[in-house]
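J.: Here it is, the structure in full.
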Amino acid sequence: MASSMEVTTDQLKLAREQGDVYGKALANMCKETGQLAMKRAGDYVIGATVEEAEGMCRLEDGELKWMSPEGKNAHLEVTVRDAADIYAS
């Protein structure tokens, strides 16, 4: 990868370490869902998976209220990663 004046060596090292951990989290997601599509698109790697919907908190009248998913519902997760972070040598 070409050197840059926008990032220090330490910052780049930290970013790569974070990317490695994020990649492990994606691998774990793949184990849990049994599916994770990954495709390189130019300078990026796009990933997507679908799993059962999870509940979430929503702000109502200044307070957080728990909302469970209703009916047929799914959770689509999409990730976009810099291919240079994944395929760096």
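J.: So which strands (runs of 3 or more DSSP E) are wholly in the stretch 28-89 and hold at least 2 residues that are within 28 Å of Thr9 (Cα to Cα)?
T.: Of the strands (runs of 3 or more DSSP E) lying wholly inside the stretch 28-89, those with at least 2 residues that are within 28 Å of Thr9 (Cα to Cα) span 37-41, 44-52, 74-82.
J.: Of everything in the stretch 5-24, what is of a type outside the set (A, V, I, L, M, F, W, C) and assigned to a loop (DSSP other than H, G, I, E, B)? Give them in sequence order.
T.: Once the filter is applied, which keeps residues that are of a type outside the set (A, V, I, L, M, F, W, C) and assigned to a loop (DSSP other than H, G, I, E, B), the stretch 5-24 yields Glu6, Thr8.
J.: With the requirement that a residue be of a type in the set (Ser, Thr, Tyr) and surrounded by 10 or more Cβ atoms within 10 Å (Cβ to Cβ), what does the stretch 31-80 give you?
T.: Once the filter is applied, which keeps residues that are of a type in the set (Ser, Thr, Tyr) and surrounded by 10 or more Cβ atoms within 10 Å (Cβ to Cβ), the stretch 31-80 yields Thr33, Tyr44, Thr49, Thr79.
J.: Which condition from (1) surrounded by 11 or more Cβ atoms within 10 Å (Cβ to Cβ); (2) without any contact (Cβ under 8 Å) to a residue 24 or more places away in the chain; (3) of a type outside the set (Lys, Arg) is the one that Thr9 breaks?
T.: Condition not satisfied by Thr9: (1).
J.: Under 9 Å by Cβ, and 6 or more places apart or on different chains, what pairs join a residue from the stretch 18-43 that is among the β-branched types (Val, Ile, Thr) and at pLDDT below 85 with one that is part of a loop (DSSP other than H, G, I, E, B) and loosely packed, with under 11 Cβ neighbours inside 10 Å?
T.: none
The values are calculated or read from the model by the stated rules, or taken from the named source; none is laboratory data. Because the structure is predicted, anything quoted here is derived from the model rather than measured. Cβ: placed from backbone, ideal geometry, glycine included. Neighbour counts: every protein chain shown.
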